[in-house]
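The values are calculated or read from the model by the stated rules, or taken from the named source; none is laboratory data. The structure presented is a predicted model; accordingly, all values stated were derived computationally and were not measured. In this analysis, Cβ positions are derived from the backbone assuming ideal geometry, glycine residues included, and neighbour counts consider all displayed protein chains.
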């Protein structure tokens, strides 16, 4: 948790990250940036999915529809938060010459998406008339 | 002299790929903004909905500004490659995305 707060301080302090270690090969930094953008796109796709559930499943009961939409939107927020946090951690690890940080987040996100997908299939198969 | 020449060719075309990644991300943001407008107008355009929709458009513009700034930095390559993304810009890009999600929640509810 303390580590996370320290990382959050780094998000807003552009100069501080440059004080750490040596500048890595710019290609590594750009690769890290592209990974960050890919996660941001994932977040945007989840937000778009939230809108899609709300807009294109009008026959669904209100609770289900709003619940699914808010779940997807929440996942989008988490995903973008994690994107910037992971970017900072990777950038700092590269400057210090340490191993890149490992993360449980991709596994968690894929499990959540799988659960949402199964829930959608169930809803479409059985809950349509409800 | 052959050594720097080979390096500056950059067979991976990293700045170009990064530039295109920013473009793709902006496009994804545009799709979300259009969906936001659709949601706001479909379910009866009340004042609050139109305001939230305008906020979404402003956030989209903000993201566009960050992306444009970064793309310009990437195209003006000096020796030793373009400078790395600053934490300020990364936080701004992620912040705009999160604010879009909050607006979306307000529109859906």
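Here is how the numbers come out for the structure above:
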read-out	value
Residue ID - nearest to the chain's Cα centre (by Cα), chosen from residues in region A:114-128 that are modelled with pLDDT under 90 and within 16 Å of residue A:42 (Cβ to Cβ)	A:116
Residues satisfying the stated conditions in region B:54-91, i.e. in contact (Cβ under 8 Å) with a residue 40 or more places away in the chain, away from every other protein chain (no Cβ under 12 Å) and surrounded by 13 or more Cβ atoms within 10 Å (Cβ to Cβ)	B:55
Filter pass, residue B:50 being at the interface with chain A (Cβ under 7 Å from one of its Cβ atoms) and over 26 Å from residue A:24 (Cβ atoms)	no
Flag if residue A:22 is within 11 Å of chain B (Cβ to nearest Cβ) and on the phi < 0 side of the Ramachandran plot	no
Test result for residue A:48, surrounded by fewer than 17 Cβ atoms within 10 Å (Cβ to Cβ), in contact with a helix residue (DSSP H, G or I) (Cβ under 9 Å, 6 or more places away or on another chain) and modelled with pLDDT of 90 or more	no
Of all residues making up region A:53-77, the number that are more than 7 Å from chain B (Cβ to nearest Cβ), free of Cβ contacts under 8 Å to residues at least 12 places away in the same chain and assigned to a helix (DSSP H, G or I)	5
Pick from region B:23-47, criterion part of a helix (DSSP H, G or I) and over 30 Å from residue B:70 (Cα atoms), ranking: farthest from the other protein chains (Cβ to nearest Cβ)	B:47
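This table checks each residue for (1) in a helix (DSSP H, G or I); (2) free of Cβ contacts under 8 Å to residues at least 24 places away in the same chain; (3) over 30 Å from residue A:69 (Cβ atoms); (4) at the interface with chain B (Cβ under 8 Å from one of its Cβ atoms).
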| site | (1), (2), (3), (4) |
| --- | --- |
| A:3 | yes, yes, yes, no |
| A:9 | yes, yes, yes, no |
| A:17 | yes, no, yes, yes |
| A:29 | yes, no, yes, yes |
| A:33 | yes, no, yes, yes |
| A:36 | yes, no, no, yes |
| A:39 | yes, no, no, no |
| A:47 | yes, no, no, yes |
